[in-house]
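S.K.: Pasting a structure here, questions to come.
The values are calculated or read from the model by the stated rules, or taken from the named source; none is laboratory data. Keep in mind that this is a model prediction, so the values were computed, not measured. We place every Cβ from the backbone using ideal geometry, glycine too, and count neighbours over all the protein chains shown.
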Amino acid sequence: MKKAIILGAFALFPHSGQAQLIDTVCEDTARLEKQLFGTDGAEVLGYGLRGPDSFIEIWVEPKSRNWTLVQTYTNGTSCIMAMGEHWEVPQTNEDPA
């Protein structure tokens, strides 16, 4: 049932030119990751701590550059917080040496 909710969320809130704030969709972390990686080919581009019990991940589909902002909790639940398209990674001119 929860998987159907996630699939429904993707169908109801297609990617658009702007980030979309959606009603938060939560799912078991393993199932949500399987959906993002398996169906969409998304990869985690970055992450950071949000508090003592959660962290934020940015999942990006390499070909389409669609992105999903996911908040993951230590209890094994993850929630889609926002979705959008045209993810860009800024180029840096720093010398790695």
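S.K.: Tally up the residues in the stretch 67-97 that are closer than 15 Å to residue 46 by Cα, of a type outside the set (D, E, K, R) and out of contact with any strand residue (DSSP E or B) (no Cβ under 7 Å at 6 or more places or on another chain), please.
M.R.: 2
S.K.: Condition check: part of a strand (DSSP E or B), free of Cβ contacts under 8 Å to residues at least 60 places away in the same chain, buried (at least 18 other Cβ atoms within 10 Å of the Cβ) and among the acidic types (Asp, Glu). Does residue 33 satisfy that? If you could, list the steps in order and put the result at the bottom.
M.R.: Numbers: part of a strand (DSSP E or B): no; free of Cβ contacts under 8 Å to residues at least 60 places away in the same chain: yes; buried (at least 18 other Cβ atoms within 10 Å of the Cβ): yes; among the acidic types (Asp, Glu): yes.
Taking the combined requirement at face value, the residue does not satisfy it.
S.K.: Could you identify the single residue in 72, 68 that is touching a residue at least 40 places away in the same chain (Cβ under 8 Å) and within 18 Å of residue 23 (Cα to Cα)?
M.R.: Just one listed residue meets the conditions, 72.
S.K.: Can you tell me how many residues within the stretch 51-67 are surrounded by 11 or more Cβ atoms within 10 Å (Cβ to Cβ) and either charged (D, E, K, R) or not in a strand (DSSP E or B) (or both)?
M.R.: Of the residues in that region, 6 qualify.
S.K.: Give me a count of the residues in the stretch 27-38 that are in contact with a helix residue (DSSP H, G or I) (Cβ under 7 Å, 6 or more places away or on another chain) and among the aliphatic types (A, V, I, L, M).
M.R.: Total meeting the criteria: 1.
One line per residue, one yes/no per condition, for (1) of a type in the set (A, V, I, L, M); (2) within 14 Å of the chain's Cα centre (by Cα):
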{"residue": "40", "(1), (2)": "no, yes"}
{"residue": "57", "(1), (2)": "no, yes"}
{"residue": "60", "(1), (2)": "yes, yes"}
{"residue": "69", "(1), (2)": "yes, yes"}
{"residue": "80", "(1), (2)": "yes, yes"}
{"residue": "91", "(1), (2)": "no, no"}
{"residue": "94", "(1), (2)": "no, no"}
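S.K.: Picking from 48, 41, 8, 17, which residue would you name as being out of contact with any helix residue (DSSP H, G or I) (no Cβ under 8 Å at 6 or more places or on another chain), modelled with pLDDT under 55, among the small types (Gly, Ala, Ser) and not in a helix (DSSP H, G or I)?
M.R.: On the way: 48 fails: modelled with pLDDT under 55; 41 fails: modelled with pLDDT under 55; 8 fails: not in a helix (DSSP H, G or I).
17 is the lone residue from the list that is out of contact with any helix residue (DSSP H, G or I) (no Cβ under 8 Å at 6 or more places or on another chain), modelled with pLDDT under 55, among the small types (Gly, Ala, Ser) and not in a helix (DSSP H, G or I).
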